[in-house]
Amino acid sequence: MDPITRWVASLKIPIGPWGRDFFNFLTTNFEWFFDSIADGAAFVLDGLIDFLLAIPPVLVILAVAALAWWLQKSWKLALGSVLGLLFIVNQGLWSETIETVVLVVAAAATSMAIGVPIGIWAAHKKQVYAWLQPVLDLMQTLPTFVYLIPVLILFGLGVAPGMIVTVIFAMPAPIRLTYLGITSVPTPMLEAGEAFGATKRQLLWKVELPAALPTIMAGLTQCIMLSLSMVVIAALIGANGLGKPVVRALNTVNIPLGLEAGLAIVVLAIILDRITRVRTGAAS
């Protein structure tokens with residue numbers, strides 16, 4: 001090692017120790033806060049899982065098919081949803097699928113509830129987005145396994161930490177797409193609303209949000225897909241679901257189990273993507 005490199009290395013910035021001290025401070029002084037969040041989320045998620053598992057799978061499958069028909073008006077999608085979910089039942093992965101659906105839906109709903117208002121705020125305040133953009137870049141480029149370390153330290157093991165890490169990973173998508181949708185509203189539409197005397201609140205609800213709805217819904221779809229991609233990783237910190245058999249198959253080199261669970265995730269992803277997709281006719 002040359003002298004310059006040795007000198008630069010000797011002046012190493014103690015990022016790691018600073019991070020350790022910061023998380024030690026949080027766990028020492030705010031453990032009650034993080035525990036209450038984890039316990040509350042676990043209570044809700046476990047309750048939803050137990051409720052859905054108490055319903056016969058056939059009724060749940062028919063309800064999903066009815067939802068698909070109601071949202072998309074497609075009998076092909078409804079039939080495909082029935083066949084896909086029956087395939088999951090056939091593979092003996094129904095309970096894991098219910099756990100995954102609850103985790104994904106809860107994470108996507110939380111991400112949208114937080115991300116959409118932030119995206120609207122950033123679209124109306126350019127300085128906010130200027131500060132927010134590097135944070136979103138960091139959240140989207142940071143390796144997913146890095147999220148597990150602080151979440152594991154602060155919230156422990158279980159389904160609640162799995163949902164929290166999924167929300168952190170998926171939230172940048174609805175923020176960016178909401179910002180894009182609001183800022184892409186044609187100026188003549190806004191000027192027409194202002195000419196008719198619309199207030200800022202009325203412009204938001206009657207002009208901007210309807211015009212930006214397809215882009216915002218694309219953010220929902222992205223959010224769901226990102227949440228599904230975290231299923232396997234969340235299983236490493238105790239979140240049950242389809243990620244658990246994948247991790248077990250990886251540890252034991254069990255090809256059949258990994259293939260079954262992987263296909264179940266694919267089927268679930270296709271169903272959720274098609275159901276939440278905005279219809280072209282409805283969007284226009």
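The values are calculated or read from the model by the stated rules, or taken from the named source; none is laboratory data. Remember, predicted model here, so these are calculated numbers, not experimental data. Heads up, the Cβs are rebuilt from the backbone with ideal geometry, glycines too, and the neighbour counts pull from every protein chain shown. The accessibility values were calculated without ligands, DNA or RNA, using every heavy atom of the protein model including side chains. Shrake-Rupley method; radii C 1.70, N 1.55, O 1.52, S 1.80 Å.
Could you list all residues from segment 73-132 that are of a type in the set (S, T, N, Q), open to solvent by 10 Å² or more (accessible area, probe 1.4 Å) and out of contact with any Leu (no Cβ under 8 Å at 6 or more places or on another chain)? Residues satisfying the conditions are Ser74, Asn90, Thr110, Gln127.
Just one of the numbered conditions (1) under 30 Å from Gly262 (Cβ atoms); (2) surrounded by fewer than 11 Cβ atoms within 10 Å (Cβ to Cβ) is not true of Asp2: (1).
Only residues that are open to solvent by less than 80 Å² (accessible area, probe 1.4 Å) and either of a type in the set (Val, Ile, Thr) or free of Cβ contacts under 8 Å to residues at least 12 places away in the same chain (or both): list them for segment 257-274, please. Ile265, Val266, Val267, Ile271 - these are the residues of segment 257-274 that are open to solvent by less than 80 Å² (accessible area, probe 1.4 Å) and either of a type in the set (Val, Ile, Thr) or free of Cβ contacts under 8 Å to residues at least 12 places away in the same chain (or both). What number of residues within segment 58-102 are modelled with pLDDT under 90 and assigned to a helix (DSSP H, G or I)? Selection size over segment 58-102: 3. Listed by position, the helices (runs of 4 or more DSSP H) inside segment 169-227 whose residues that are of a type outside the set (A, V, I, L, M) and farther than 24 Å from Pro134 by Cβ number at least 2 are 187-195, 200-203.
Counting only residues that are in contact with an Asp or Glu (Cβ under 9 Å, 6 or more places away or on another chain) and open to solvent by 50 Å² or more (accessible area, probe 1.4 Å), segment 200-228 holds 1 of them. Just one of the numbered conditions (1) at pLDDT 85 or above; (2) at positive phi is not true of Lys206: (2). Residues considered: Val232, Val151, Val247. Of these, the only one that is open to solvent by 30 Å² or more (accessible area, probe 1.4 Å) and either under 22 Å from Gly115 (Cα atoms) or in a helix (DSSP H, G or I) (or both) is Val232. A single entry from Ile149, Ile153 fulfils the requirement of being touching a helix residue (DSSP H, G or I) at 6+ places or on another chain (Cβ under 9 Å), in contact (Cβ under 8 Å) with a residue 12 or more places away in the chain and among the β-branched types (Val, Ile, Thr): Ile153.
Residues that are open to solvent by 20 Å² or more (accessible area, probe 1.4 Å) and either within 15 Å of Thr110 (Cβ to Cβ) or out of contact with any Gly (no Cβ under 9 Å at 6 or more places or on another chain) (or both) within segment 154-186 comprise Leu154, Phe155, Val159, Met163, Ile164, Ile168, Phe169, Met171, Thr183, Ser184, Pro186, listed in sequence order. The numbered conditions (1) touching a Cys at 6+ places or on another chain (Cβ under 6 Å); (2) on the phi > 0 side of the Ramachandran plot; (3) not β-branched (Val, Ile, Thr) are all true for Gly238 except (1).
Rundown of residues vs (1) within 26 Å of Leu93 (Cα to Cα); (2) surrounded by 11 or more Cβ atoms within 10 Å (Cβ to Cβ), yes/no style:
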residue: Lys12; (1), (2): no, no
residue: Pro17; (1), (2): no, no
residue: Phe23; (1), (2): no, yes
residue: Ile37; (1), (2): no, yes
residue: Ala42; (1), (2): yes, yes
residue: Leu45; (1), (2): yes, yes
residue: Leu53; (1), (2): yes, yes
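Of the set (1) exposed (fewer than 15 other Cβ atoms within 10 Å of the Cβ); (2) closer than 21 Å to Phe22 by Cβ, all apply to Met139 but (1). Within segment 209-226, the set of residues being modelled with pLDDT under 90 and polar (S, T, N, Q) comprises Thr221, Gln222.
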